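Before any comments, here is the structure.
The values are calculated or read from the model by the stated rules, or taken from the named source; none is laboratory data. Since this is a predicted model, take the numbers as computed values, not measurements. All Cβ positions, even for glycine, are placed from backbone atoms using ideal geometry, and neighbour counts span all protein chains on display.
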Amino acid sequence: MKKSLALLGSTGSVGRQTLEVVEANKNQFEIYALAAHNDIKILKEQIIKFKPEVAVVTDEEAAQNLARDLDGFKHTKILSGEKNLNEIAAAPKVDIAFIAVSGIVGLLPTLAAIQAGKVVALANKETLVVAGHIVMEQAKKSNAPIIPVDSEHSAIFQCIQGTTDKKHIKKIILTASGGPFRNYSVKDLSGVTPDMALSHPNWSMGKKITVDSATMMNKGLEIIEAKWLFDIPYNQIDVVIHPQSIIHSMVEFIDNTVVSLMSIPDMKIPIQYALTWPERRPISNSMEINFAELKALTFEAPDEKLFPCLRLARRAGEEGGLKPVVLNAANEMAVDLFLKKKIGFLHIPYLVEAMLDSFDNSANPKLEKILETDAVTRQKTLQLAEKLSL
Ligand code: MG
């Protein structure tokens, strides 16, 4: 029997690579539903190729345009609105809900899929950052496996397969490429433009996550993501810079042995593993590591003075409650403003820190409170940013 997928965020970088993996394993997987925000040009091509039963376009106008465009194409029902993301993620025909949307919009469909007991392939880290306590508790209750797609977390997940007792794990070590500005000074960073931030040395990814990699907020969010996925306290999660991006993360055990996972940096590898877990399959269009050519793997400590987002994310995670929500919302807003050239690169950590300082916290927030705090933080970030405008 083929496994049926609902793929949310199909036009983004991870979404498109997921369809490449599905295409290469046509006898194993089929697409039940695709969803995108408004990129109907790419979505239309995907619909014609994969013939899903349903396609959701969250932007209403784009949905109407696509429905008009595909008039006469009978295979696929076009729906609009965010609510339908929850419907397709939890639909009875779905085996795997693949959550590849970017940002907090991934939260409700992830919860819907978990409640329906689906296998959840999770490429959206914001969901765990803002609501890790709710998501993991629900996953436990529904017995829904969450398979991480983020390359670091996929690596850790694979490194601990076969670990019989969590107490055997001493430390998780997340690797980070360090991004394009690893060797900059703070003064150099003040002149960074969106174009500079968008050219990552090793990975090809969406815009938001590429900027997050440049500020190292991405690694900060990954610390919080790892805490929830693997139920490991923050003081047992380390970050090390590894510019070659060959080791995707490591786990140190209590006997000081370290297990690492290596591959060339290619998202298709963790994507395929999330789909085939607990099995493995040969992978097409991806390369092996050539160790002789590689020669050296290097490591260094991250510079938190240069990349304050790393420190801010750890602080938000440790303070817990609503702080990670504030961190995430302020960051999403700041990155968006930076990409629109409304603020400078160093304003991103400035805004995030200002928001973290200005919020009263509350422990174990409910979903409504999380969504409300997200909205309020965005508004406040915007207000403060207007005062900074270039
Ligand atoms: Mg990652």
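Restricting attention to segment 211-232, does a residue exist that is more than 16 Å from the ligand (Cβ to nearest atom), in contact with a helix residue (DSSP H, G or I) (Cβ under 6 Å, 6 or more places away or on another chain) and outside the structural domain of Ile348 (by TED's automatic domain parsing)? If you could, list the steps in order and put the result at the bottom.
Within segment 211-232, the first condition is being more than 16 Å from the ligand (Cβ to nearest atom), and the residues that meet it are 231-232.
Still in the list and also in contact with a helix residue (DSSP H, G or I) (Cβ under 6 Å, 6 or more places away or on another chain): none.
No, there is no match, as no residue in segment 211-232 is more than 16 Å from the ligand (Cβ to nearest atom), in contact with a helix residue (DSSP H, G or I) (Cβ under 6 Å, 6 or more places away or on another chain) and outside the structural domain of Ile348 (by TED's automatic domain parsing).
If you scan segment 145-171, which residues turn out to be within 13 Å of the ligand (Cβ to nearest atom) and of a type outside the set (S, T, N, Q)? Before you say what the answer is, go through the steps one by one.
Pass one, segment 145-171, residues within 13 Å of the ligand (Cβ to nearest atom): 148-157.
The answer is Pro148, Val149, Asp150, Glu152, His153, Ala155, Ile156, Phe157.
What about Val130, is it modelled with pLDDT under 95 and either under 23 Å from Met205 (Cβ atoms) or within 16 Å of the ligand (Cβ to nearest atom) (or both)? First the steps, then the outcome.
Numbers: modelled with pLDDT under 95: no; either under 23 Å from Met205 (Cβ atoms) or within 16 Å of the ligand (Cβ to nearest atom) (or both): yes.
Criteria not met by Val130.
Within segment 29-80, how many residues turn out to be in contact with a helix residue (DSSP H, G or I) (Cβ under 7 Å, 6 or more places away or on another chain), over 13 Å from Ser10 (Cβ atoms) and among the small types (Gly, Ala, Ser)?
Adding up the residues that qualify gives 2.
Only one of Leu351, Leu306, Leu261 is within 22 Å of Gly179 (Cα to Cα), in contact (Cβ under 8 Å) with a residue 60 or more places away in the chain and within 22 Å of the chain's Cα centre (by Cα); which?
Working: Leu351 fails: in contact (Cβ under 8 Å) with a residue 60 or more places away in the chain; Leu306 fails: within 22 Å of the chain's Cα centre (by Cα).
Matching residue, one of Leu351, Leu306, Leu261: Leu261.
Go through Val105, Val101, Val22, Val54 for me and flag whichever is in the same structural domain as Ile134 (by TED's automatic domain parsing), touching a Phe, Trp or Tyr at 6+ places or on another chain (Cβ under 6 Å) and either closer than 23 Å to Ala144 by Cα or among the β-branched types (Val, Ile, Thr) (or both). Explain how you work it out, then say what you get.
Values: Val105 fails: touching a Phe, Trp or Tyr at 6+ places or on another chain (Cβ under 6 Å); Val101 fails: touching a Phe, Trp or Tyr at 6+ places or on another chain (Cβ under 6 Å); Val54 fails: touching a Phe, Trp or Tyr at 6+ places or on another chain (Cβ under 6 Å).
Only one candidate passes the filter, namely Val22.
Conditions first: (1) touching a Ser or Thr at 6+ places or on another chain (Cβ under 6 Å); (2) modelled with pLDDT under 95. Asp195 passes all but one, so which condition is the exception?
Of the numbered conditions (1) touching a Ser or Thr at 6+ places or on another chain (Cβ under 6 Å); (2) modelled with pLDDT under 95, the odd one out for Asp195 is (1).
Would you say Gly81 is modelled with pLDDT under 95 and either under 24 Å from the mean Cα position of the chain (by Cα) or more than 17 Å from Pro148 (Cα to Cα) (or both)? So that I can check it myself, show each step before the final result.
On the way: modelled with pLDDT under 95: yes; either under 24 Å from the mean Cα position of the chain (by Cα) or more than 17 Å from Pro148 (Cα to Cα) (or both): yes.
Criteria met by Gly81.
Would you point out the residue of segment 233-249, among those that are away from the ligand (no atom under 11 Å from the Cβ) and among the polar types (S, T, N, Q), that is farthest from Val120 (Cα to Cα)? Steps first, please.
Residues of segment 233-249 away from the ligand (no atom under 11 Å from the Cβ): 233-244, 246-247.
Then drop every residue that is not among the polar types (S, T, N, Q), which leaves 235-236, 244.
Working: Asn235: 27, Gln236: 26, Gln244: 29 Å.
Step by step, filter segment 233-249, then rank; the result is Gln244.
Quick check, is Leu122 surrounded by 20 or more Cβ atoms within 10 Å (Cβ to Cβ), within 16 Å of the ligand (Cβ to nearest atom) and not β-branched (Val, Ile, Thr)? Steps first, please.
On the way: surrounded by 20 or more Cβ atoms within 10 Å (Cβ to Cβ): yes; within 16 Å of the ligand (Cβ to nearest atom): yes; not β-branched (Val, Ile, Thr): yes.
Yes: the conditions hold for Leu122.
Within segment 117-164, restricting attention to residues that are part of a helix (DSSP H, G or I) and free of Cβ contacts under 8 Å to residues at least 60 places away in the same chain, which residue is nearest to Asn364 (Cα to Cα)? Reasoning before the result, please.
Within segment 117-164, the subset part of a helix (DSSP H, G or I) is 125-142, 151-159.
Filter once more, so that each one left must be free of Cβ contacts under 8 Å to residues at least 60 places away in the same chain: 127, 137-142.
On the way: Thr127: 15, Glu137: 12, Gln138: 14, Ala139: 17, Lys140: 17, Lys141: 17, Ser142: 20 Å.
Within segment 117-164, the match that is nearest to Asn364 (Cα to Cα) is Glu137.
Taking Lys83 and the conditions (1) surrounded by fewer than 22 Cβ atoms within 10 Å (Cβ to Cβ); (2) touching a residue at least 12 places away in the same chain (Cβ under 8 Å), which numbered condition does it fall short on, given that it satisfies the others?
Of everything listed in (1) surrounded by fewer than 22 Cβ atoms within 10 Å (Cβ to Cβ); (2) touching a residue at least 12 places away in the same chain (Cβ under 8 Å), Lys83 misses just condition (2).
For segment 175-195, does any single residue satisfy the condition of being within 14 Å of the ligand (Cβ to nearest atom) and either assigned to a helix (DSSP H, G or I) or among the aliphatic types (A, V, I, L, M) (or both)?
So the first thing to find is which residues in segment 175-195 are within 14 Å of the ligand (Cβ to nearest atom), and the list is 175-179.
Those still in the list that are either assigned to a helix (DSSP H, G or I) or among the aliphatic types (A, V, I, L, M) (or both) too: 176.
Yes: one or more hits.
Can you tell me how many residues in segment 171-197 are buried (at least 16 other Cβ atoms within 10 Å of the Cβ), in contact (Cβ under 8 Å) with a residue 40 or more places away in the chain and either under 19 Å from Ser263 (Cβ atoms) or of a type outside the set (Gly, Ala, Ser) (or both)?
Result for segment 171-197: 14.
Can you name the number of the only condition in (1) out of contact with any Ser or Thr (no Cβ under 9 Å at 6 or more places or on another chain); (2) farther than 20 Å from Ile147 by Cβ that Phe230 fails?
Answer for Phe230: the failing condition is (2).
Please work out which one of (1) surrounded by 18 or more Cβ atoms within 10 Å (Cβ to Cβ); (2) under 29 Å from Lys170 (Cα atoms); (3) among the aliphatic types (A, V, I, L, M) is the condition Ala301 fails and give its number.
Unmet condition: (1).
Against the condition farther than 23 Å from Thr373 by Cα, touching a helix residue (DSSP H, G or I) at 6+ places or on another chain (Cβ under 6 Å), surrounded by fewer than 21 Cβ atoms within 10 Å (Cβ to Cβ) and free of Cβ contacts under 8 Å to residues at least 60 places away in the same chain, how does Gly206 come out, does it pass?
Answer is no for this residue.
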